[in-house]
Amino acid sequence: MPEAAVTCRGLTRSFGRVGVLRGLDLELERGASMALLGANGSGKTTLLRLLAGLLRADGGNSSVLGHQLPSTAVLRRKLGYLGHESWLYGELSARENLEFYCRLYGVSDDRPVDSLLERVGMTRAASRRVRSFSRGMVQRLSLARALLHNPQLLLLDEPFTGLDRDGVELLENLVAEQRAAGTSILMVTHDLARVSLLADQAVLLGRGRVAWQGQGNDLAPERLEQAWRDMASGQGGSIATNGGTQTC
Amino acid sequence: MLTLLARDLRLQFRRGELLASSFVMGVLMLLAFNFSLDLSPDNVAALAPGILWVAVLFSAGLAAGHGFVGERENGCMDAIVASPLDRGSVYLAKFIVNLLLLLLFEAMLLPVFGLFFELSVLSVLAPLALVLLLGSIGLAAVGTLFALVTVGGGGRDLALPILLLPLEVPLLIASVKITRVVMAGGGFPWGDGWVRLLLGFDLLFVVAGWLAFEYVATD
């Protein structure tokens, strides 16, 4: 049986006295795409940052692509992360930014730079400094940055932020390509209508734990909304499977 | 590490503001001391080393804060931490950039210092350069580590000097004492206890920064 892309067991993390993750259990199979849903402060971003090696867990066990956390350089080379911030240097041009990340991730040549710039529609702006870009352009370039080194696991935190209609379509296509190529994807989103398009399973976080989990037909927007309402009204704590609902 | 080093140097020289602001601040401090102290040929040799190092110390604090300026925007510090780079190497790259900028600043400031205080720095240039190098290694090591601690925090421009200055007091005293010997024409006092203190300070903070980066960066 192949190793899971992500396995978390009893993961905890606090900031000061505020517990954000409180014994979270989660598993993402290799090549699968999972949408992480939940209210603000439910621990979605903290989870992604932990998996990316940007934070340390207070307790519990996690492994990513077969590597135990805390992360090693070997693991970090296999991860692509797109967060709330672009991770792009405003003083460098689009091309210089991508060339820098090529070297940082040990990509032996700069060939992916041109093809990715073209793929995200940024070829004409390649020589412009990033500080002059609009929010949408920055997000497109950030996507290219996250994909530059062909990651095996993509961690996407609200990736649709700032994108126009074409940008949204581009992102949907890129995610579809990555899924087809076997890349595992863990994506935070608030857009319930797109979950079924982008993911084959979804997890709803509440109070730092998995409050609901579904796949297949469960990913229909109305079902997700119902799960969200149930959790918000205090009826959470159940896990829905494709065939029904299972009480935790 | 070389990738990060090259990118940092390119960013710093493209901006240019760090070196310019440090230099202006250093010159203004020398000017202020020159006018505010009653300097005479009798006391200038005793006072000038302290003045030089206070100017270097405050400009180094300013430089340390700016050393992560590229990483402050757009969360780029996270990008470096999440990259496959060895995290100790990230500290070393930042430390080397800070050190190079500090040495460049000192090379620019030294002629102004000689001019303002009518001191012949050329005649003691080699030992003076050595003490400046040793002092700068310690300043860059401490500054880089604490700039990292404050890089993501609010009020960082205020927090950094408050954290830095108390730690740098031993380095300041040792550097001033050694510079005084050097400026008096006594050569570099290799066997002096202050030199050992300065070397120990440098070693301690370079190693501490290298080891601590992983924990500071991921919490």
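What follows draws every value from the coordinates through simple rules; no lab data is involved. Bear in mind the structure is a predicted one, so any value in this text is a computation, not a measurement. Methodologically, a virtual Cβ is constructed for each residue, glycine included, from the backbone with ideal geometry; neighbour enumeration extends over all protein chains shown.
Odds and ends about this structure:
- Take every pair of alpha-carbon atoms less than 8 Å apart whose residues are at least six positions apart; their mean separation over the length of chain B yields a relative contact order of 28 percent.
- Cα-based convex hull, region B:2-217, per residue volume (Å³, whole number): 118
- Separation between Cα centres of region B:87-135 and region A:28-99, rounded to whole Å: 40
- Spin-label model distance (nm) - B:Arg72 vs B:Asn43, 7 Å beyond Cα toward Cβ: 3.8
- Note that region A:214-226 has calculated 3J(HN,Hα) couplings of x, 8, x, 5, 5, 8, 4, x, 5, 5, 5, 5, 5 Hz, one per residue in order, obtained from phi through the Karplus relation 6.51 cos²θ - 1.76 cosθ + 1.60 (θ = phi - 60°); glycine and proline are x.
- Each label point was placed 7 Å from the Cα along the Cα-to-Cβ direction; for A:Glu177 and A:Arg165 their separation is 2.2 nm.
- The trypsin sites (Lys or Arg not before Pro) of region A:85-178 that meet both conditions, a loop assignment by DSSP and at most 15 other Cβ atoms within 10 Å of the site Cβ, are A:Arg128.
- Amide H contacts of A:Gly162 (H built 1.01 Å from N, under 5 Å, at least 5 apart or other chain): none
- Calculated Rg and Dmax of chain A using C-alpha coordinates, Å: 18.1, 55
- Pairwise Cα distances in the protein assembly as shown exceed 28 Å in 58 percent of cases.
- Stokes-Einstein diffusion for region A:112-210, with the hydrodynamic radius set to the Kirkwood value over Cα pairs and evaluated at 37 °C in a medium of 0.692 mPa s, equals 227 µm²/s.
- For A:Lys44, the lysines whose Cα comes closer than 30 Å to its Cα, not counting residues fewer than 8 places off in the same chain, are A:Lys78.
- Dipole-positive endmost among B:Leu145, B:Leu125, B:Val176 within region B:2-217 (Cβ charges, Cα centre): B:Leu145
- Nearest-0.05 FRET efficiency for B:Arg196 and A:Gln226, computed from C-beta distance (R0 41 Å): 0.05
- Close amide H partners of A:Val188, meaning residues 5 or more places away or on another chain with modelled amide H under 5 Å apart, are A:Leu36, A:Leu156, A:Asp157, A:Glu158.
- Approximate spin-label separation B:Glu17-B:Ala126, in nm, with each point projected 7 Å along Cα-to-Cβ: 4.2
- Multiplying the residue separation of A:Asn61 and A:Arg17 by 0.36 nm and subtracting their alpha-carbon distance yields 13.7 nm.
- Residues in region A:33-47 carry Karplus couplings, in order, of 10, 10, 8, 9, 10, x, 5, 4, x, 7, x, 5, 5, 4, 4 Hz; the curve used is 6.51 cos²θ - 1.76 cosθ + 1.60 with θ = phi - 60°, and Gly or Pro positions show x.
- Dipole in debye (nearest 20) - region A:15-169, about Cα centre, beta carbon charges: Lys, Arg +1; Asp, Glu -1: 300
- Here the extension length gained between A:Glu118 and A:Ala73 equals 13.3 nm, from 0.36 nm per residue of separation less the Cα-Cα distance.
- More than 14 Å apart - percent of Cα-Cα pairs taken over region B:87-143: 59
- Between the amide H of A:Gly23 and those of A:Leu11, A:Thr12, A:Arg13, distances stay under 5 Å, these residues lying 5 or more places away or on another chain, with hydrogens modeled in the peptide plane.
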